[in-house]
Amino acid sequence: MSLVAARTWIESELPALLARHRVPAAAVGVFQDGQLVDHASGILNLDTGVEATADSLFQVGSITKLWTTDLVMQLVDEGRIGLDDEISRHLPTFRVADEEATRTITVRQLLSHTAGFEGDVFTDHGPGDDAVERFVASMGDLPQIFAPGERFSYSNAGFAVLGRLVEVVRGTTWDRALHEHLAAPLGLTHVATTAYDAIRFRTAMGHIDPAPDHILRPGPAWGMARASGPVGAMLSMRVRDLLGFAAMHLAGGVAADGTRVVSAASCVDVLTWQVDHPASTRSDGRGLGWSLDDIRQGIVGHDGQTIGQSAFFRMVPEHGLAVALLTNGGDTHGLYHDVVGHLLHDLAGVRIAPDPVPPQQPPAGFDAARLLGTYRARIVDWTLHRNPDGRLWVEEIPGPEAAAVGDESQTYEVLPYATDQVVTVDALHGAHHVFGFTGRDRSGRATHLTTSRVIPRANLEA
């Protein structure tokens, strides 16, 4: 497929795919070998009826972490920090609950999600320029789930620390650093880091369907707290702006006008393996910030989720290819498979990993008894229990911060998937989800739940 054919396919198929997956609006973009195509369709806000255009802004969620990564790598390029520097060297006031971790956590461990402290914290510290500073200053009670560097556990709070690192070393806010050191040299004109910026543009609203009728409605808020800006709270852009960022990476750190933005060495480093992902995830490992989705096929990227908005970004550097999909509600995961999966295969001959499905037969060696119980993080209480008929059910109760942005309690059935894994019977948000378990306490029970996060058992026995 050529890019001309890709544009024709997107324009002809996207409206029907949006209807099939109940997605109000989406923007799709493809960059390959110096050429870019983009297209948008649907309704940005079901309350207002504003239609999506190619110039519409969507939130990119945790894809923001790749931008924060580049802001950090620029400091490495300049010799102002080192990847293996302890973060406390540059942020002397940084604290988590464990004193040894506070002293030894490195920049590399934060970038690779291996710092080990509890990572899903989204406390609102107001809209001011000191929001990130105040957030990091409040982290002193975050518990250590495992020793720094021991394993992977996706950490939002870790990227808030990296955002603060950028602020301190640059002497500015993370927002201004992003505009001055990435958006401006890349020539990107439709990038917003706050709602105050985004309102200047044609901007998508996220949609959720928490009620039993499953009717999509605008979410309870447009964005999350500014303190989580470096994490992915509000960064918004056109799909072509996201692809402008991708084009720079595919060009070894050089913008379209020849400006050096990131060193070629750093572009290699961010895609260099640092740690394996848990077996329960659908990707292989982590570089610095970047997800290494499929090492064999060379697929890398990141996804993003905010309040009712989902973003998907994939690159295949060997083929000079980047594909992005930005959405604002509905079965976004199903749309991702139909759009991004189709384009990656037709333009690069690679296939994204299929979603897991419940097995026909239970796996050998599965022992539900050792997995039962509650696993607790600030963001959620996750409980696996077994009914008298032997069926396994999960109850999720969101913590206060998750509830504040629209998350609600839910109950769903799971089945044995592997020796220490279960899978949802029904698709949740368009996909079956796998949950893994690791460790063994003195009673033989699993000590941790593993998804992309590591969550400890409540009332753990030593």
Matching residues, the range 1-20, being within 19 Å of residue 208 (Cβ to Cβ) and not in a helix (DSSP H, G or I):
none
Which numbered condition residue 350 misses (of (1) open to solvent by 30 Å² or more (accessible area, probe 1.4 Å); (2) under 19 Å from residue 296 (Cα atoms))
(1)
Residues within the range 287-321 that are closer than 26 Å to residue 152 by Cα and touching a helix residue (DSSP H, G or I) at 6+ places or on another chain (Cβ under 9 Å), tallied
23
Look through the range 37-59, keep the residues that are over 14 Å from residue 190 (Cβ atoms) and among the small types (Gly, Ala, Ser), and return whichever of them is farthest from the chain's Cα centre (by Cα).
49
If you go through 428, 415, the only one that is closer than 30 Å to residue 228 by Cβ and aliphatic (A, V, I, L, M) is 428
Go through the range 223-257 and count every residue that is farther than 24 Å from residue 306 by Cβ and within 17 Å of the chain's Cα centre (by Cα).
0
With respect to residue 221, determine if the residue is over 17 Å from residue 303 (Cα atoms), hydrophobic (A, V, I, L, M, F, W, C), open to solvent by 30 Å² or more (accessible area, probe 1.4 Å) and out of contact with any Lys or Arg (no Cβ under 6 Å at 6 or more places or on another chain).
yes
Subset of the range 396-431 (residues that are open to solvent by 60 Å² or more (accessible area, probe 1.4 Å) and touching a His at 6+ places or on another chain (Cβ under 7 Å))
429
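Suppose we filter the range 171-180 for residues that are part of a helix (DSSP H, G or I) and open to solvent by 50 Å² or more (accessible area, probe 1.4 Å); how many remain?
Within the range 171-180, residues that are part of a helix (DSSP H, G or I) and open to solvent by 50 Å² or more (accessible area, probe 1.4 Å) number 3.
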Hits in the range 97-115 - residues which are assigned to a loop (DSSP other than H, G, I, E, B) and open to solvent by 20 Å² or more (accessible area, probe 1.4 Å):
97, 98
Just need a number here: residues in the range 390-423 that are in contact (Cβ under 8 Å) with a residue 24 or more places away in the chain and among the hydroxyl-bearing types (Ser, Thr, Tyr).
2
All but one of (1) at pLDDT below 95; (2) surrounded by fewer than 16 Cβ atoms within 10 Å (Cβ to Cβ); (3) not aliphatic (A, V, I, L, M) hold for residue 125, so report the exception by its number.
(2)
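Of the residues that sit in the range 224-267 and are assigned to a loop (DSSP other than H, G, I, E, B) and either among the acidic types (Asp, Glu) or free of Cβ contacts under 8 Å to residues at least 12 places away in the same chain (or both), which one is most open to solvent (accessible area, probe 1.4 Å)?
The residue in question is 257.
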Long-range neighbours under 7 Å by Cβ, at least six apart or interchain, first residue on the phi > 0 side of the Ramachandran plot within the range 358-372, second outside any helix (DSSP H, G or I)
365/419
Exactly one condition in (1) open to solvent by 10 Å² or more (accessible area, probe 1.4 Å); (2) touching a residue at least 40 places away in the same chain (Cβ under 8 Å) is false for residue 158; which is it?
(1)
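Results for (1) buried (at least 23 other Cβ atoms within 10 Å of the Cβ); (2) in a strand (DSSP E or B), shown as yes or no for each residue.
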| site | (1), (2) |
| --- | --- |
| 22 | no, no |
| 30 | yes, yes |
| 36 | no, yes |
| 39 | no, yes |
| 43 | no, yes |
| 48 | no, no |
| 54 | no, no |
| 58 | yes, yes |
Those residues of the range 73-96 which are open to solvent by 60 Å² or more (accessible area, probe 1.4 Å), over 21 Å from residue 181 (Cα atoms) and either in a loop (DSSP other than H, G, I, E, B) or not basic (Lys, Arg) (or both) amount to 84, 86, 92, 93, 95
Take the residues in the range 268-308 that are touching a Leu at 6+ places or on another chain (Cβ under 8 Å), open to solvent by 20 Å² or more (accessible area, probe 1.4 Å) and among the hydrophobic types (A, V, I, L, M, F, W, C), then tell me which one is farthest from residue 422 (Cα to Cα).
271
Output for the range 195-218, where each listed residue is buried (at least 18 other Cβ atoms within 10 Å of the Cβ) and in a helix (DSSP H, G or I):
197, 198
Residue 127: passes all of (1) out of contact with any Ser or Thr (no Cβ under 7 Å at 6 or more places or on another chain); (2) within 22 Å of residue 92 (Cβ to Cβ); (3) touching a residue at least 24 places away in the same chain (Cβ under 8 Å); (4) part of a loop (DSSP other than H, G, I, E, B) but (2)
Checking residue 70 against (1) of a type in the set (D, E, K, R); (2) surrounded by fewer than 23 Cβ atoms within 10 Å (Cβ to Cβ); (3) over 18 Å from residue 307 (Cα atoms); (4) in contact (Cβ under 8 Å) with a residue 40 or more places away in the chain, the condition it does not meet
(2)
Find the strands (runs of 3 or more DSSP E) located wholly in the range 362-461 whose residues include 2 or more that are of a type in the set (Val, Ile, Thr), and list them.
380-386, 392-398, 410-418, 421-424, 434-438, 454-456
Quick test of your reading of the structure: residue 321 fulfils all but one of (1) over 15 Å from the mean Cα position of the chain (by Cα); (2) over 29 Å from residue 202 (Cβ atoms). Name the failing condition by number.
(2)
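The values are calculated or read from the model by the stated rules, or taken from the named source; none is laboratory data. Everything quoted here is computed from the prediction, not taken from an experiment. Neighbour counts are summed over all protein chains in view; Cβ atoms, including those assigned to glycine, are modelled from backbone coordinates with ideal geometry. With ligands, DNA and RNA removed, areas are computed over all heavy atoms of the protein, side chains included. Shrake-Rupley method; radii C 1.70, N 1.55, O 1.52, S 1.80 Å.
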